[in-house]
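Colleague: Quick one: this structure, given as structure tokens, is what I'll be asking you about.
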Amino acid sequence: QVQLVESGGGLVQAGGSLRLSCKASGRAFYGMGWFRQAPGKEREFVAAISWDAAITNYADFVKGRFTISKDNAVNTVNLQMSSLKPEDTAVYYCAAKQTVRAMAFMTGYDYWGQGTQVTVSS
């Protein structure tokens with residue numbers, strides 16, 4: 001059974017940092033990504049990484065602040081978030097797919113985690 005389990009969310013002050021982790025079990029994936037959804041807004045792409053970390057994609061609004069990484073030994077993808085802003089407040093979702101194509105788009109991701117809340121206070 002395939003499962004994606006996120007952890008690491010929480011409450012942080014603006015300018016602070018958080019590290020999200022997503023552990024995949026059941027199989028390995030070629031592409032893994034992070035998306036987020038704020039209240040009243042559509043889910044949006046944050047970052048993605050290929051299985052060998054050769055490809056990384058970032059949304060413009062997180063470039064220079066967030067870093068995605070992967071630990072294949074434990075089948076985990078991490079999202080290090082720094083210089084957090086109140087507008088980063090959202091539920092963050094991990095997702096996995098069988099290809100490294102189009103990793104910035106929600107369609108094509110086969111599996112999703114349950115989400116983890118990130119709240120940034122001003």
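Colleague: Report, ordered by the first and then the second residue, all pairs with beta carbons closer than 9 Å, sequence separation of six or more or different chains, a first member in segment 1-28 that is among the acidic types (Asp, Glu), and a second member that is open to solvent by 60 Å² or more (accessible area, probe 1.4 Å).
Modeller: Final answer for the pair search is GLU6/LYS23; GLU6/GLN114.
Yes/no per residue for (1) more than 12 Å from the chain's Cα centre (by Cα); (2) among the polar types (S, T, N, Q):
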position	(1), (2)
PRO39	yes, no
GLU44	no, no
ALA73	yes, no
THR89	yes, yes
GLN98	yes, yes
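Colleague: Of the conditions (1) at positive phi; (2) in contact with a Cys (Cβ under 7 Å, 6 or more places away or on another chain), LEU4 fails just one. Which one is it?
Modeller: Just one mismatch for LEU4, condition (1).
Colleague: Let me ask another. When you check MET32 against the structure, is it surrounded by 18 or more Cβ atoms within 10 Å (Cβ to Cβ) and out of contact with any Gly (no Cβ under 8 Å at 6 or more places or on another chain), yes or no?
Modeller: Yes, satisfied.
Colleague: Next up: Exactly one of (1) aliphatic (A, V, I, L, M); (2) out of contact with any Phe, Trp or Tyr (no Cβ under 7 Å at 6 or more places or on another chain); (3) more than 21 Å from ARG27 (Cβ to Cβ) is unmet by ALA59. Its number?
Modeller: With (1) aliphatic (A, V, I, L, M); (2) out of contact with any Phe, Trp or Tyr (no Cβ under 7 Å at 6 or more places or on another chain); (3) more than 21 Å from ARG27 (Cβ to Cβ) applied to ALA59, the lone miss is (2).
Colleague: Would you tally the residues in segment 20-39 being over 20 Å from LYS63 (Cβ atoms), at pLDDT 95 or above and assigned to a loop (DSSP other than H, G, I, E, B)?
Modeller: Looking only at that region, the number is 0.
Colleague: A further question on this structure: Evaluate segment 43-56: report whether one residue or more is touching a helix residue (DSSP H, G or I) at 6+ places or on another chain (Cβ under 8 Å), in contact (Cβ under 8 Å) with a residue 24 or more places away in the chain and more than 18 Å from TRP112 (Cα to Cα).
Modeller: no
The values are calculated or read from the model by the stated rules, or taken from the named source; none is laboratory data. The structure displayed is predicted, hence computed values, not measured ones. Note that each Cβ is placed from the backbone with ideal geometry, even for glycine, and that neighbours are counted across all protein chains shown. All accessible areas refer to the heavy atoms of the entire protein, side chains included, with ligands and DNA or RNA removed. Shrake-Rupley method; radii C 1.70, N 1.55, O 1.52, S 1.80 Å.
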